[in-house]
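Novice: Sharing a structure here in structure tokens format.
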Amino acid sequence: MSAAWTNIATSAHSLLERLPLLARDFTTDWLPESARWLANSLITIATVVVAFASLFALLTIVERKVLARVQNRPGPNRVGIPFTKIKLFGLGQPLADGIKMLTKEDIVPRAADQVLHFLAPVALLAFSILTFAVIPFGRQLVPLELDAGVLYFFAAGAATELAVFMAGWASHNKYSLLAAMRALAQLISYELPLLLSIVPVVMLAGSLSTVGIVEKQAGWTWGFVPHWHVFTPWGAAGFAIFFVAALAESNRSPFDRPEAESELIAGHLTEYSGFKYALFFMAEYFGMCALCGMGVTLFLGGWQAPLPFLEIIPSYFWFAAKLLTLLFVFMWIRATLPRLRIDQLTRLAWKFLVPLALINLGVAVFWALTADWTGAIRAIRWIVAGALIVGPFVLIGRKLSSGIAPRTYRYAT
Amino acid sequence: MTAVLILIAVATLCTAAVAMALRNLIHSALLLIASWTGIAAFYLWAGAEFVAFAQVLIYVGAISMVVLFAVLLTRQSRADVAIAPGSLGRVVLALIAGGAVLGVLVGAVLSTKFANSSATTPTVTVKQIGQSLGGAHAAALLVIGVLLTVALLGAVVLATTDRAEKEDA
Amino acid sequence: MNLAPLQLCLLFSSALFCIGLIGALSRSNTILVLLGIELMLNAANLNFIAFWRYGANSEPATGVMFVIFAIAVAAAEAAVGLALVITIYRHQKNIRLQDATRLKG
């Protein structure tokens, strides 16, 4: 009886697990062999784009709601189903916003570089969508399995910086250009810690393929501590650096220098209106989702379940859960922290994150060399690795913040 | 397969040629970046995935940024990125020299009998690249590391302003 | 005339090299000259990949290795070159190559 029960459970589970693939194969089954490959790719692309476009719509409302709740106000709660009194907590808001954006006049400044002004949002969106190609959304659910997947991700991500520059330059507006230069300085500065923080992962997983890295994180110690990279000293430090750099790379608060509305109006977005503005907005959210997805893949075990018995739930659900958690933290940080000044921002990158990332590389080497330590000396391994990270962290942090804190208030108490 | 190659080649060459002839420096730089992307496409076509991604990451992600920064830091007025063309004599001489080199190269390529290529496409995995970087080419890797560090320091030293000198001026 | 793929690749890279050469020789803007040189370097890299792909007895990774190192050197070259451009600009307030004659004896 129980054996049969387990059997049913396993097959139901594997069915659920492979449901997206089965659905895809079912739709393209009638096609000839040569066309099937193309159809399968198109379906994959369409699914990813549609899924993230709807996630974007959802995120805009969720973000406004989260910000509102943090600031103790209700947030958008009026738009529901039209012509009825059903409000659904304001869930109709993204649709209303979309219609507004689409019907707005598209203004191009007369002095603007017409071609570049048009190309910038298109290029930005295209490159952000490209980055989704190598993220494994679930077991066997990776749009494009590449041997050098991580490299591909960062190559496609690097190209988005160019679009920001194009937008700033083409607008022919001093605020736009200033913002674009700031954005470039910021993006280049944070590219470095971002890349350095993932080197230990690539090193210890021995693979540049995203699928391979996720598979390396399978299994549990003592049956409940997952083998995710974030649960090692170098992984935790790497994830922290990655997360801060990702915040800066996606121009999110507290690093939203490029569009600091209080001093640069809206930065490189100043001269954009209507649908082009919406495209920028969308690309920014796509970039954020992609970086979070990469963070989940590299450090948080990708689609792996956190506990063995939770593996019943299909893998893509776990990926989505982790992704949404990270996105929520992004929003939370935006609501909590004030914006940094440009010199503070670059100093943080060059004097704090880069040295720490380099030290973290050394710690990862130590970790790899001591992989055969077992039993009691395992504790020593943890202590040494932890001290190697925490020590420099405290020292560099104290050095950098000397003279800044604690702040004294002369006229206030 | 060959059609794809010709397409990539024509796109790359056109963007490069137009970039070299344009008067607006920013447009030139952006078109050159397109041309570098075309070269990356060629690498992808040839099956050298890793090199293609490295090309995009370094040229489109890094060198392009440095170029754009240099363009914007070295212009006199706001609108001044249009540059005076070189004198006609220089252009003509350059075209003659370039044409001569092209003629020699094309002649050489067309007249050489190449050994028949092996039918199998060479494949190289990231693992192989890593192993040869850490094995046979380890010394070269170290030298490159030193070179990059020196270049970084040199660039910083060259580009920093001497504060004392500035105060005198 | 039927060209082998290797010859096509080589013609492609020759043409690219010459475009870079003509650009570097004919323009007077230092940045464009640097970009022309950069194009010539890329053309050389194209050749390495072409011979790796179609060469008679290529080892698995040699051509690829060469291009990786060449790209790293190109990055260093661009960084130093553009720092030089900025220094020249600071001294003579423009970046015309013809005006950079201070070291002329």
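Novice: Against the definition (over 30 Å from B:Ala70 (Cβ atoms) and either hydrophobic (A, V, I, L, M, F, W, C) or touching a helix residue (DSSP H, G or I) at 6+ places or on another chain (Cβ under 8 Å) (or both)), how does A:Ile188 come out, yes or no? Give the derivation first.
Specialist: Values: over 30 Å from B:Ala70 (Cβ atoms): no; either hydrophobic (A, V, I, L, M, F, W, C) or touching a helix residue (DSSP H, G or I) at 6+ places or on another chain (Cβ under 8 Å) (or both): yes.
So A:Ile188 does not fit the description; no.
Novice: Which pairs have Cβ atoms under 7 Å, sit 6 or more apart or on different chains, and link a residue in segment B:122-142 that is within 11 Å of A:Ala148 (Cβ to Cβ) and more than 7 Å from chain C (Cβ to nearest Cβ) to one that is of a type outside the set (S, T, N, Q) and in a helix (DSSP H, G or I)?
Specialist: From segment B:122-142, the pairs are B:Val126/B:Phe50.
Novice: Within the set of pairs 6+ apart or on separate chains, which have a first residue in segment B:25-49 that is at positive phi, a second that is among the charged types (D, E, K, R), and C-beta atoms under 7 Å apart?
Specialist: So the pair list comes out as B:Gly47/C:Arg53.
Novice: Would you mind finding the one in A:Val329, A:Val354, A:Val365 that is buried (at least 17 other Cβ atoms within 10 Å of the Cβ) and in a helix (DSSP H, G or I)?
Specialist: A:Val354
Novice: Does segment A:255-269 hold any residues that are modelled with pLDDT of 70 or more and out of contact with any helix residue (DSSP H, G or I) (no Cβ under 7 Å at 6 or more places or on another chain), and which are they?
Specialist: A:Asp256
Novice: Which residue out of A:Glu63, A:Glu33, A:Glu17 is farther than 30 Å from A:Phe127 by Cβ and surrounded by 11 or more Cβ atoms within 10 Å (Cβ to Cβ)?
Specialist: It is A:Glu17.
Novice: For segment A:141-156, how many residues are in contact (Cβ under 8 Å) with a residue 60 or more places away in the chain and facing chain B (nearest Cβ under 8 Å)? Write out each step before concluding.
Specialist: So the first thing to find is which residues in segment A:141-156 are in contact (Cβ under 8 Å) with a residue 60 or more places away in the chain, and the list is A:141-143, A:145-150, A:153.
From the residues that got through so far, the ones that are facing chain B (nearest Cβ under 8 Å) too are A:146-148.
Qualifying residue count for the region: 3.
Novice: Same structure, new question: Consider segment A:68-106. How many of its residues are polar (S, T, N, Q), closer than 16 Å to A:Ala57 by Cα and not in a loop (DSSP other than H, G, I, E, B)?
Specialist: Within segment A:68-106, residues that are polar (S, T, N, Q), closer than 16 Å to A:Ala57 by Cα and not in a loop (DSSP other than H, G, I, E, B) number 1.
Novice: Please pick out the residue among B:Ala11, B:Ala16, B:Ala21, B:Ala46 that is more than 30 Å from A:Gln186 (Cα to Cα) and facing another protein chain (nearest Cβ under 7 Å).
Specialist: B:Ala46
Novice: Scan segment C:56-76 and give yes if some residue there is more than 21 Å from B:Thr112 (Cβ to Cβ), touching a Ser or Thr at 6+ places or on another chain (Cβ under 8 Å) and surrounded by 22 or more Cβ atoms within 10 Å (Cβ to Cβ), otherwise no.
Specialist: yes
Novice: Please work out if A:Ala321 is surrounded by fewer than 19 Cβ atoms within 10 Å (Cβ to Cβ), without any contact (Cβ under 8 Å) to a residue 40 or more places away in the chain and assigned to a helix (DSSP H, G or I). Give the derivation first.
Specialist: Numbers: surrounded by fewer than 19 Cβ atoms within 10 Å (Cβ to Cβ): yes; without any contact (Cβ under 8 Å) to a residue 40 or more places away in the chain: yes; assigned to a helix (DSSP H, G or I): yes.
For A:Ala321, the condition - surrounded by fewer than 19 Cβ atoms within 10 Å (Cβ to Cβ), without any contact (Cβ under 8 Å) to a residue 40 or more places away in the chain and assigned to a helix (DSSP H, G or I) - is met.
Novice: Taking the condition assigned by TED's automatic domain parsing to the domain that holds A:Phe286 and not in a loop (DSSP other than H, G, I, E, B), does A:Leu55 pass?
Specialist: no
Novice: Within segment C:18-32, can you find the residues that are more than 7 Å from chain B (Cβ to nearest Cβ) and either of a type outside the set (S, T, N, Q) or under 11 Å from B:Ala16 (Cβ atoms) (or both)?
Specialist: C:Gly20, C:Ala24
The values are calculated or read from the model by the stated rules, or taken from the named source; none is laboratory data. Every value quoted in this text rests on a predicted model; they were computed, and no experiment measured them. We place every Cβ from the backbone using ideal geometry, glycine too, and count neighbours over all the protein chains shown.
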